[in-house]
Amino acid sequence: MSEKETAVEDIMSSPVATVTSDTTITEAAQTLRENSIGSLVIGDDIIEGIVTETDIVAAVGQGLDLNATTVEEIMTDPVVTVRPHEAVYVAGERMGHNAVKKLPVTEDGKPVGIVTTTDLAHFFPRNRITMASRPERDVDEGEFE
């Protein structure tokens, strides 16, 4: 199956981790850590938003009270999504055009999975960056341009 034909459902992670909008930032951070994931979808039936590790780090940097502030206050909304039957390349284009790294997969508005830039990197192996085993001849002192 080609890249143009492979469906998002073939590479997405499922089920997607969700929390309610009244979840505190501390609780969200604990859920991320316990599940070794980078984002949480807010809402089970209808996606209300998404919160990522970056959002939580920003909240810490702003000095927010992590035990009193809810994810609703820091989540991204509206959320860019993709459907399970759409092609993987569509998901990649959508992520690029919207500058997002996590793309919830929805069916009838309900979250059924998630696709990340890491998933895309594994799917498109020819786009992976490979490290040179030795410096190029015209590069002095190991510096690369």
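A few points about this structure:
- Positive dipole terminus of segment 4-63, leading residue within G43, T24, A7 (C-beta point charges): T24
- Taking Lys and Arg as +1 and Asp and Glu as -1, the other residues whose beta-carbon sits under 14 Å from that of R33 total -3.
Just so you know, all these numbers are worked out from the coordinates, no wet-lab data involved. All of these numbers come straight from a predicted model, not from anything done at the bench. Every residue, glycine among them, receives a Cβ derived from its backbone with ideal geometry; neighbour counts consider all protein chains shown.
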